[in-house]
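Colleague: Have a look at this one.
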Amino acid sequence: MQKKLTMYELIKSCDDDHQWHEKKDIESALQISRPSLPPDKERLVSLDVFRGLTVALMILVDDVGGILPSINHSPWDGVTLADFVMPFFLFIVGVSLAFAYKNCSCRFVATRKALIRSLKLLLLGLFLQGGFIHGLNSLTYGIDVEKIRFMGILQRIAIAYLVVALCEIWLKGNHNVSSELSMIKKYRFHWVVAFVITTIYLSLLYGLYVPDWEYQISTEDQGSTLTTFLNLKVKCGVRGHTGPGCNAVGMLDRMFLGIQHLYRKPIYARTKQCSINSPNNGPLPPDAPSWCQAPFDPEGLLSSLMAIVTCLVGLHYGHIIIHFKDHKKRLNQWILRSFCLLMLGLVLNLFGMHLNKPLYTLSYMCVTSGASGFLLSAIYLMVDVYGYKRASLVLEWMGIHALPIYVLIACNLVFLIIHGFYWKKPINNLLHFIGIGK
């Protein structure tokens, strides 16, 4: 009679099997007399270049966006260069996941690793974007946990990574892929997940009733240390509204996360309704709506659903790399899908579903995913097909070290470290001398 294994013994046996396969892969990789690697073992430089270009764009829009509003984030509806950075990251995460779980010897071990990686990314995001580090104009640190920001860029990527990784681990078929139709059949449940997520998002965005709500702001009187608190009421009472003050995305974040845990510098503060210097920040107009100073998180809960779909689209592009080895076939499929996504997004925008990053609308997801596909096709053609790799060495390096660069530069850690060294007074530092952090 066969002994029934416990869950621990099952996972342990899977782990041992996974380590054995890794050992065999290392042994085969170290063979001296070996033919050239087959296409499925070659490292695609274009993926690193794509990731590096995304990091470079992020640094560019963060540093120059305040000077050139045309590349800064759109205050609400519409897209600019900055609004493509987040979808590019999510897209390439999806592409990479197709390779990470291509040969999954044990689903339990793969699931455990996906959970651990997502948790690490989530905690790193909480530390970097939760408010613990105060910024260039302050040498203090620490955060009141009652006001910590729960969501952020890395948190959104962590959520998308986990969901898409679980789909890749548990929901793909076992049969071989010989055509486009058989590939769709193999990953049909991925598309079911994407459809369900999109349906839930649209149902909540356009179906939820948003009641009136209020929030509190604090002001300090000049010449005194007295702080006064002002309660502001936002009148809504609408359903399916996609404006800044009365949308379901913000309502769900206030309900589940708490308004004190949302981003305190809302993107819509640069709209014409809230700034006399729009599209830049500026004083409030005399007739400014009451919601202009209300916290709003651009990486909220409901909007993160469509971010997951972007990651699933990237996963599909990765599947094309895995199952089709011919350059022309890969490019044809990528370009066709990118064109369809782009056209669908533009048509949806034309019929009233505006391109909107803070809400991460369906039209925005389609346009940015299509743009991601076109960009990947162009980089792949230049780097992996025609071999212009030397010209992209810097971007490749940035792509390989994307997370450290993001942490050190995009989150201002390098500048904060430099800022900590001053002469006699904190204001006498190198960054202040060259005009950073004034």
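What follows is calculated from the coordinates using simple rules that are stated; it is not laboratory data. What you see is a predicted model; the values in this text were computed from it and never measured. No Cβ is skipped: glycine too gets one built from the backbone with ideal geometry, and neighbour counts run over all protein chains shown.
Colleague: From the alpha carbon gyration tensor of the range 159-280, can you work out the equivalent ellipsoid semi-axes (sqrt of 5 times each eigenvalue) and give them in Å, largest to smallest?
Modeller: Numbers: eigenvalues 392, 56, 43 Å².
For the range 159-280, the semi-axes come out at 44, 17, 15 Å.
Colleague: Same structure again: What nm distance separates the two modelled labels at Thr219 and His175, each placed 7 Å from Cα along Cα→Cβ?
Modeller: It works out to 6.8 nm between the two label points.
Colleague: Dipole of the range 253-301, Cα-centred, from +1 at each Lys and Arg C-beta and -1 at each Asp and Glu C-beta, to the nearest 20 debye? Spell out each step's value before the answer.
Modeller: Working: 5 positive and 4 negative charges, 25 e Å.
Dipole size: approximately 120 debye.
Colleague: Which listed residue (Ser303, Gln293, Gly314) has the Cα farthest towards the positive end of the charge dipole for the range 272-330, taking +1 on Lys and Arg C-beta and -1 on Asp and Glu C-beta about the Cα centre?
Modeller: Gly314
Colleague: Moving to a separate point now. Could you list which residues have their amide H under 5 Å from that of Val234, counting only those 5 or more apart in sequence or on another chain, with H placed in the peptide plane?
Modeller: Trp213, Glu214, Tyr215
Colleague: May I pose another question? Can you list the HN-Hα couplings for the range 92-105, worked out from phi with the Karplus curve (6.51, -1.76, 1.60; θ = phi - 60°), rounded to whole Hz and with x for Gly and Pro?
Modeller: For the range 92-105, the Karplus curve yields 6, 4, x, 4, 5, 5, 4, 7, 4, 10, 5, 10, 8, 6 Hz.
Colleague: Let me make sure I get this right: for the range 55-141, a, b and c are the square roots of the gyration tensor eigenvalues over alpha carbons, sorted descending. Under 1.5 in a/c it's rounded, otherwise prolate if a/b > b/c, else oblate. Which is it? Don't skip to the answer; put the middle values down first.
Modeller: On the way: a/c = 3.42, a/b = 1.54, b/c = 2.21.
The shape class here is oblate.
Colleague: Can you check what the net charge comes to around Leu162, using other residues whose Cβ is under 14 Å from the Cβ of Leu162 (Lys, Arg +1; Asp, Glu -1)?
Modeller: Residues close to Leu162 contribute a combined charge of +4.
Colleague: So, one more: Can you work out the FRET efficiency for the pair Lys113 and Arg188, with r the C-beta to C-beta distance and R0 = 25 Å, to the nearest 0.05?
Modeller: Numbers: r = 25 Å, r/R0 = 1.00.
Once the sixth-power term is evaluated, E becomes 0.50.
Colleague: Okay, moving on. For the range 131-208, count all C-alpha to C-alpha pairs, find those more than 15 Å apart, and express that count as a whole percent of the total. Kindly include the intermediate steps, with their values, before the conclusion.
Modeller: Values: 2211 of 3003 pairs.
For the range 131-208, the share of Cα pairs beyond 15 Å comes to 74 percent.
Colleague: Something else: Could you tell me which of rounded, prolate or oblate describes the range 325-410, using a ≥ b ≥ c as the square roots of the eigenvalues of the alpha-carbon gyration tensor, with rounded for a/c under 1.5 and, failing that, prolate when a/b is larger than b/c and oblate otherwise? Could you put the intermediate results ahead of the total?
Modeller: Values: a/c = 3.69, a/b = 1.33, b/c = 2.78.
Oblate is the answer for the range 325-410, as a/c is 1.5 or above yet b/c matches or exceeds a/b.
Colleague: Right, something else. Take the Cα pairs of the range 179-219, get the Kirkwood Rh, then feed it into Stokes-Einstein at 10 °C and 1.306 mPa s and tell me D in µm²/s.
Modeller: Approximately 116 µm²/s, per Stokes-Einstein.
Colleague: How do the peptides 160-171, 53-64, 83-94 rank, highest first, by the average count of neighbouring beta carbon atoms within 10 Å per residue? Provide the component values of the computation, followed by the final result.
Modeller: Values: 160-171: 21.2, 53-64: 17.7, 83-94: 25.0.
Packing proxy ranking, top to bottom: 83-94, 160-171, 53-64.
Colleague: Going by average Cβ density within 10 Å per residue, which order do the peptides 405-418, 295-308, 176-189 take, highest to lowest? If you can, show how the numbers build up before the last one.
Modeller: Numbers: 405-418: 16.7, 295-308: 23.7, 176-189: 13.7.
Most protected by this proxy first, the peptides run 295-308, 405-418, 176-189.
Colleague: From the square roots a ≥ b ≥ c of the eigenvalues of the alpha-carbon gyration tensor of the range 276-325, which class results: rounded (a/c under 1.5), prolate (a/b over b/c), or oblate?
Modeller: Details: a/c = 7.03, a/b = 3.11, b/c = 2.26.
Verdict is prolate for the range 276-325.
Colleague: Too long at a 18 Å Cα-Cα cut-off: which of Lys265/Lys357; Lys185/Lys328; Lys235/Lys357; Lys102/Lys186; Lys102/Lys325?
Modeller: Numbers: Lys265/Lys357 15 Å; Lys185/Lys328 22 Å; Lys235/Lys357 24 Å; Lys102/Lys186 13 Å; Lys102/Lys325 15 Å.
Distance filter (> 18 Å) returns Lys185/Lys328; Lys235/Lys357.
Colleague: Residue by residue, what Karplus-based ³J(HN,Hα) values in Hz, rounded to whole numbers, does the range 65-79 have, using 6.51, -1.76 and 1.60 with θ = phi - 60° and x for Gly and Pro?
Modeller: Karplus-based 3J(HN,Hα) across the range 65-79 equals x, x, 8, 10, x, 5, 10, 6, 4, 5, x, 7, 6, x, 10 Hz.
Colleague: Moving to a separate point now. Assuming 0.36 nm per residue, please report the length gained on full extension of the stretch His401 to Asp287 beyond their Cα-Cα distance. Show your work: numbers first, answer last.
Modeller: On the way: separation 114, 0.36 × 114 = 41.04 nm, distance 4.73 nm.
In short, 36.3 nm is gained.
Colleague: Also, I was wondering about something else. How big is the charge dipole of the range 154-284 about its Cα centre, in debye rounded to the nearest 20, if each Lys and Arg gets +1 on its Cβ and each Asp and Glu gets -1 on its Cβ? Mind showing how you got there, number by number?
Modeller: Working: 13 positive and 7 negative charges, 82 e Å.
About 400 debye.
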